Amino acid sequence: MTTFAETTATAPCDSLRRSATQVLLGNWTGAATVPSRALYPHQWSWDSAFIALGLRHVSPRRAQRELETLLSAQWGDGRIPHIVFNPAVPDGAYFPGPDFWRSATAGRAAGASPFIQTSGIVQPPVHALAAWLVHAADPAESRRRGFLPRVYPRLAAWHRYLGGARDLGGGGLASVVHPWEPGLDNSPCWDAALARIEPAPPGSFVRADLRHGSAADRPTDLDYARYVRLATTYRDHGYDDARTPHAFAVEDPSFNALLIASEYALADIADAIGADAGPHRRRAEAATAALIGRLWDPVDAIFHARDLVTGAAIAGHSVSGLIPLVVPGLPATIGKALARTLHGPRFGLGRVHLVPSYDLTAPEFDGNRYWRGPSWFNTAWLVHRGLAAQGEEEAAGLLREQFLTSAHRSEFAEYLEPYTGDARGILRFSWTAALALDLLHAPVAQDAAR
Ligand code: DGY
């Protein structure tokens, strides 16, 4: 098997760099990058943030454009929608499409654009972190284009939305109101909460995703019926967080950890443009205390999501609970405990491929089905970054090596079966290629530590 043990420009590195770049160029639409031409033919929010992290090594200007295109679809209430629809893509190519979300009408009171069609839910807030790292790739070009002063007010409004209307639990954390929002759609962590939801009638919608991949790798029809019900209820209440009777409301560790890392990045951006960084640092510190106070489980040595409908912690062990490794200033005792959990039987670092999305020892684990077990490249990148920040260089190096080898071998798969490393989902997936480019660029996440 080809390996990438050396960080120097070896032949495999050159070939990986070339093919990763080709994936990104092939998925570029002129203003943004689709995650995949077939399965995801529009712009996705957290995908674009990860894509920008790789594009910055190819064209910092294009990386800026990627984020600016996404931000141009921001709603008046500050939310960044999880999908920005491309009007050139035929209806029916993706479900649920613009006709389902009806953002321009149903989202009018929340400030959705009358011209740009979007979904009405959100995805994890990686954007300010991405914007700061994109700027750092070429500060002169960034300054020449006025990139930071233009994105800062929009990113600040995005964080205000999450810290305000989305603090449904009142404890200083942002909540997600649909399983698509934390990005871990069909994680077993959501099973109990989803079981409360009355599914939409089976004949009331047609899935487009099954045309592009194996049904065994995707969420089930019953999952989809519940996703549709939740999104319909939110839409029919004008995407108003206070008015919607949220049957699914969860505080997710990864979503909040990324918000904190991005809040620190906003502080860096504020410093760079002469704005007041103090409120951002104070908010990040307060959210870190809330994350630890509400979601840290010292016995299980992992962060657990909290179900706001029952008020109880969700017992499942998900990769989401390890991602707080990226939180700057996380107490070292917690960082060390998370590193031990990562090496333990539930996540098996070094004994399986990358980091499984769910507990290998749990009966619900399924190594093929989307977020019920497969290893994903974006979470591996985040865990790598967190390990590097925590001074766990050996583990971070191992994960980087595995990432590059697997990305190459799998043709930039969407996700992997953790035991075999075989590709699952679709190939030539944009964030896999982008994050490979990022890891090729730097031996370890040197900018991760604070
Ligand atoms: C999908 O379409 O599978 C996404 O995960 C929802 O954004």
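Since every read-out is calculated from the coordinates, none of them should be taken as a lab result. These figures come from a predicted structure and were not determined experimentally. Backbone-built Cβ (ideal geometry, glycine too); neighbour counts: all protein chains shown.
Note down the relative contact order for the chain as a percent, whole number, built from C-alpha pairs under 8 angstrom at least six residues apart.
It rounds to 18 percent for the chain.
Computed over the alpha carbons of segment 149-301, Rg followed by Dmax gives 18.1, 55 Å.
In a DSSP loop and with at most 14 other Cβ atoms within 10 Å, the chymotrypsin sites (Phe, Trp or Tyr not before Pro) in segment 86-123 are Phe115. Loop-located trypsin sites (Lys or Arg not before Pro) in segment 327-363 (DSSP state other than H, G, I, E, B) with a sparse environment of at most 12 neighbouring Cβ atoms within 10 Å: Arg351.
Return the loop-located trypsin sites (Lys or Arg not before Pro) in segment 187-247 (DSSP other than H, G, I, E, B) with at most 12 other Cβ atoms within 10 Å of their own Cβ; answer none if there are none.
Arg196, Arg243
Near Gln117, the amide H atoms lying under 5 Å from its own belong to Phe85; only residues 5 or more places off or on other chains count, and H is placed 1.01 Å from N. The slack in the chain from Glu394 to Leu25, taken as 0.36 nm per residue of separation less the alpha-carbon distance, amounts to 129.5 nm.
Counting each DSSP H run of 4 or more residues in the chain as -39500 (n - 2.57), what helix-only mean residue ellipticity at 222 nm follows after dividing by all residues, to the nearest 500 deg cm²/dmol? -13500 deg cm²/dmol, from helical runs alone.
3J(HN,Hα) along segment 48-53: 4, 5, 5, 4, 4, 5 Hz, from the Karplus curve 6.51 cos²θ - 1.76 cosθ + 1.60 with θ = phi - 60°, whole Hz, x for Gly and Pro. Close amide H pairs (under 5 Å, H built 1.01 Å from N) link Arg424 with Glu414, Tyr415, Leu416, Glu417, residues at least 5 positions away or on another chain. Around the amide H of Ile302, modelled in the peptide plane, lie the amide H atoms of Asp297, all under 5 Å away and 5 or more residues distant in sequence or on another chain.
Selection among Phe50, Gly78, Ala215 by position relative to the dipole of the chain gives Gly78 as farthest towards the positive end (Cβ unit charges, Cα centre). Residues in segment 250-266 carry Karplus couplings, in order, of 9, 9, 9, x, 5, 4, 6, 5, 5, 5, 5, 4, 6, 5, 5, 5, 4 Hz; the curve used is 6.51 cos²θ - 1.76 cosθ + 1.60 with θ = phi - 60°, and Gly or Pro positions show x.
Counting only DSSP beta bridges whose two residues both lie in the chain, roughly 95 percent are antiparallel. Both radii were evaluated on the Cα set of the chain; the Rg over Rh quotient, with Rh as the Kirkwood radius, amounts to 0.93.
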